[in-house]
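In what follows, a single structure is set out as structure tokens and then discussed.
The values are calculated or read from the model by the stated rules, or taken from the named source; none is laboratory data. Being a predicted model, the structure only gives us computed values, none of them experimental. So basically every Cβ, Gly included, is an ideal-geometry build from the backbone, and we count neighbours across all protein chains shown. Calculation scope for accessible area: heavy atoms of the full protein, side chains included, ligands and nucleic acids excluded. Shrake-Rupley method; radii C 1.70, N 1.55, O 1.52, S 1.80 Å.
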Amino acid sequence: MKVLSHTLGFPRIGPYRELKKAQEKYWNNQITKKKLFDIGYNIRKFNLNEQKVNNIDLLPIGDFAWYDHVLNISLMLGNVPIRFKEEINNIINIDTMFYIARGSLHDKKSLNASKMTKWFNTNYHYIVPEFYKNQSFHFSSKELLNELDEAIKMNFNNIKPILIGPITYLWLGNKIQNNHFSRLELLTNILSVYIEILLEIKKRNIQWVQIDEPILALELPKKWLQAFKNAYDILRDNINNINILLTTYFGSISHNIELIKMLPVHGIHIDLVNGKDNIEYINNNISKKWIISFGIISGRNIWKTNLKKWYDILLSIKKSRPLLWIGSSCSLIHSPVDLNLEFKLNKKIKNWFSFSIQKCKELSLITKAINNNDYSELVQWSESIYSRKFFKDITNIKVQKKILLIGNHIINNRKNYNTRSLLQKRKLKLPFIPTTTIGSFPQTSDVRKLRSDFKSGFISYDNYKKNMKKHIKNIINIQENLDLDVLVHGEPERNDMVEYFGENLNGFVITENGWVQSYGSRCVKPPIIIGDISRKKPITVYWSKYAQSLTKKIVKGMLTGPITMLLWSFPRDDISPIEITKQIALALKEEIYDLEKANIKIIQIDEPALREGLPLKKSEWNSYLKWAKESFHLTISSTKDVTQIHTHMCYSEFKDIIHDIIALDADVISIETSRSGDNLIKLFKNLNYPNELGLGVYDIHSPNIPSINKIKKFLIKALKNISFKNFWVNPDCGLKTRTWEEVKQSLYNMVKATKILRKKYNNF
Ligand code: GLN
Ligand code: ZN
């Protein structure tokens with residue numbers, strides 16, 4: 001039997017982010033729906049074609065989405081939140097998708113968008129399905145079938161539709177009413193739609209369907225595990241002659257092997273890059289009638305794969321298992337599209353990388369080698385991987401020595417909070433309930449143009465600095481006029497909070513086009529960590545110092561923390577993530593030292609990615625949380641007690657790691673509370689959190705201006721749970737995506753509401 005290659009999905013943004021540009025134009029009424037459809041069609045055609053010319057045997061269909069692939073399934077099932085029902089008038093189309101994802105106005109009533117949250121432990125955000133008791137589902141959006149027909153029409157024959165499996169879909173959703181029911185009660189209703197669509201797929205003479213059940217990598221409650229057998233038995237009883245590839249990724253699945261092997265499916269896909277399953281064990285436990293698809297090409301990192309190594313392993317497996325496929329570890333949506341669009345990278349370094357198109361090439365190379373029993377081409381492919389070890393710029397002995405000296409036991413060596421707090425209060429002299437912002441201010445087109453003019457060499461560094469200072473001056477002025485208490489310089493010099501530090505540290509390289517979808521039309525361009533990390537020179541000091549020179553108020557310095565730097569980059573794979581974060585922490589520690597010398601009295605270390613780094617399996621949480629905390633403590637390990645350390649986190653479920661967040665012992669934590677309501681605040685209260693808390697009093701993702709009254713009410717409610725001595729008032733995240741109009745009005749209201757409160761509680 002021939003070994004086959006396949007990908008689990010291809011990036012849908014297009015090589016030049018065509019989808020993003022088209023979506024945004026469509027939302028702004030700059031292009032018609034027809035034009036948007038044309039652009040989508042061209043991306044899908046391009047994707048299939050690229051995979052085909054690179055000899056991928058089975059081409060994925062269903063990886064495209066106008067906004068999000070989980071939302072695709074919601075629409076397929078007709079799962080539209082009730083509040084939108086009137087708005088859409090029973091028609092489910094592309095606009096429905098955008099309403100649910102972005103919110104809308106109906107009869108002057110604003111309809112909230114559905115919640116968005118992170119897709120497992122990635123930086124991709126999906127739209128959370130909403131469920132209610134006795135909900136029924138109807139086969140509604142036929143997008144997947146249309147895309148199958150479209151591919152057939154384009155003469156792509158070996159196509160493989162993709163669906164998120166019913167159990168994973170239910171697991172990912174939220175109950176929107178408090179009445180007691182289990183999401184699993186909805187399973188039968190959901191399955192009826194899955195049966196309908198599978199029957200339709202079968203009519204098209206398709207052999208294989210990829211059904212994604214990535215939750216099999218989690219440690220699931222028993223009743224969820226039991227649901228698998230039940231659900232797949234029902235599918236089998238209602239459809240035959242269609243092969244199901246049960247697809248897992250992001251982690252190992254051996255702990256669920258007894259369940260998996262009982263399921264009436266025809267194959268299993270396993271992520272061998274992010275999971276550490278023993279291949280022999282899996283091979284021995286899975287029926288020989290099944291296909292096993294081994295995911296060996298990383299969908300989540302950009303390093304070339306050591307194909308020769310995998311060749312040896314897979315060839316030996318093939319002896320006992322003729323039905324073998326080779327695939328990407330997970331969907332390639334987490335990888336950039338095309339390495340050939342990088343024109344500025346050093347040639348040698350570029351040769352270490354592989355983006356989605358190159359990953360297809362890797363897949364076909366190894367598949368061909370195994371089928372032909374000839375690895376000669378693989379050796380050449382892997383050569384650059386070995387050369388990497390000897391590349392001089394990767395190693396920094398000084399850094400390595402420092403890391404060795406630190407050892408494995410890092411503690412929080414600052415004085416206790418009460419002592420620090422006294423020193424800080426005396427120095428900072430802030431009013432009670434101080435107001436501040438999270439760091440960034442609107443990134444207008446002139447700020448962006450200034451940066452890109454400098455980058456492309458159109459203007460000199462002096463000119464750039466002069467103009468950048470103008471922006472900072474303006475931002476400081478505006479904050480003074482608003483009468484905020486702790487000011488920021490506004491981060492206009494930063495395109496992105498991670499890429500900016502990546503550009504200014506040794507050990508990173510930056511790409512021109514290495515974009516990855518984060519959510520909807522938002523893409524990020526993660527920097528790549530190729531070597532030991534060290535600071536070239538002070539990074540933020542110049543700007544912070546300048547901003548501070550303009551005002552008598554305190555300006556807060558702004559850094560991106562080590563965990564977020566690691567998780568929002570493509571990390572190197574030759575040293576451990578722990579080591580990488582230690583290196584980043586040391587570089588940041590030097591930066592803090594210089595900021596203190598420049599008389600910066602408050603420093604914020606952003607860690608918005610902290611929660612997302614949690615391993616999928618709860619049993620592995622503690623070890624991650626330990627090093628996450630240690631990296632924070634290492635960063636602040638020589639900070640003066642009088643310097644106030646803030647940290648910021650957002651848009652995650654913090655409940656289950658609250659103890660660890662508290663143990664960071666930052667002087668002030670600003671945390672998103674406008675969406676998660678007062679539950680989080682209560683939690684801090686119940687735990688007698690002694691340090692200070694910055695309350696995110698309004699949602700920065702919405703263009704709505706929060707009224708004074710709304711903020712005031714929020715604060716009064718919060719005050720019931722937390723003493724005003726301990727809290728700050730701020731928006732729930734940075735303001736870079738908003739317009740100046742919105743920002744000025746919202747902050748005006750925020751300050752006003754706080755002042756009213758101060759008056760009210762002045763006697764205390
Ligand atoms: N300081 C950053 C900003 O204001 C924080 C962004 C974030 O939390 N994602 O943009
Ligand atoms: Zn944030």
Here FRET efficiency (C-beta to C-beta, Ser456 to Lys552, R₀ 35 Å, nearest 0.05) is 0.40
On alpha carbon coordinates alone, what is the Rg over Rh value for the range 12-85, Rh being the Kirkwood radius? 1.04
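Would you mind estimating how fast the chain diffuses translationally, via Stokes-Einstein at 10 °C and 1.306 mPa s with the Kirkwood radius over Cα pairs, in µm²/s? Display every interim value, and only then the final one.
Details: Rh = 27.6 Å.
The calculation lands on 57 µm²/s.
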So which of Lys35/Lys142; Lys525/Lys712; Lys20/Lys52 end up more than 28 Å apart by C-alpha? Lys525/Lys712
To the nearest Å, what is the center-to-center distance of the range 653-674 and the range 143-210, using C-alpha atoms only? 38 Å
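In terms of the ratio Rg/(2.2 N^0.38 Å) built on C-alpha atoms, what value belongs to the range 215-270?
Values: Rg = 11.3 Å, N = 56, 2.2 N^0.38 = 10.2 Å.
It is 1.11.
Please find the FRET efficiency linking Lys202 to Lys348, where r is the Cβ-Cβ separation and R0 is fixed at 60 Å, and quote it to the nearest 0.05. Present the calculation step by step, with values, prior to reporting the outcome.
Values: r = 50 Å, r/R0 = 0.83.
Using R0 = 60 Å, I get an efficiency of 0.75.
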What distance in nm separates the simple spin-label points at Ser316 and Arg758, each placed 7 Å from Cα in the Cβ direction? 7.1 nm
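Given the alpha-carbon gyration tensor of the range 652-764, what are the semi-axes of its equivalent ellipsoid in whole angstrom, ordered largest first, with each equal to the square root of 5 times an eigenvalue? Can you show the working numbers first?
On the way: eigenvalues 106, 65, 25 Å².
With the √(5λ) rule applied to the range 652-764, the semi-axes are 23, 18, 11 Å.
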Rounded percent of accessible protein surface that carbon and sulfur make up, the chain, 1.4 Å probe: 51 percent
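Once fully extended, how much extra length lies between Asp393 and Gln380, figured as 0.36 nm per residue of separation less the alpha-carbon to alpha-carbon distance?
Numbers: separation 13, 0.36 × 13 = 4.68 nm, distance 2.30 nm.
Working it through step by step, the gained length comes to 2.4 nm.
The range 544-646: D in µm²/s via Stokes-Einstein (Kirkwood Rh, Cα pairs, 25 °C, 0.890 mPa s)?
So the translational diffusion coefficient is about 168 µm²/s.
Below 18 Å Cα-Cα, how many Lys pairs turn up in the range 377-428? Only count pairs eight or more apart in sequence, or on different chains, if you could.
Going through the range 377-428 pair by pair, I get 4.
Is the range 67-160 best put as rounded, prolate or oblate by its Cα gyration tensor, with a ≥ b ≥ c the root eigenvalues, rounded for a/c under 1.5, and otherwise prolate when a/b is larger than b/c, oblate when not?
Prolate.
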Could you state the principal axis extents of the C-alpha atoms in the range 33-121, from the largest down, to the nearest angstrom? 52, 35, 19
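Using the heavy atoms of the protein chains alone and a 1.4 angstrom probe, what is the accessible area of the chain per residue in square angstrom?
Per-residue accessible area for the chain comes out at 42 Å².
Please compute the length gained on full extension between Lys725 and Phe181, using 0.36 nm multiplied by the number of residues separating them and subtracting their Cα-Cα distance. Walk me through the intermediate numbers first.
Values: separation 544, 0.36 × 544 = 195.84 nm, distance 4.09 nm.
Here the answer is 191.7 nm.
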Aspartates and glutamates within cross-link reach of Lys361: Cα-Cα under 20 Å, excluding same-chain residues under 8 positions apart? Glu50, Asp57, Asp63, Asp271, Asp312, Asp338, Glu342, Asp374, Glu377, Glu383
Arrange the peptides 230-242, 493-505, 321-333 so that the one whose residues have, on average, the most other Cβ atoms within 10 Å appears first. 321-333, 493-505, 230-242
Three principal axis extents, largest first, for the C-alpha atoms of the range 474-537, in Å? 44, 36, 16
Mark the label point 7 Å from the Cα of Trp621 along Cα→Cβ and return the residues of the range 642-660 whose backbone N is within less than 11 Å of it. 654-660
Stretchable slack from Gln30 to Leu405, in nm (0.36 nm times residue separation minus alpha-carbon distance): 129.2 nm
Taking the DSSP beta bridges in the chain as the whole, what percent of them are antiparallel, to the nearest 5? 20 percent
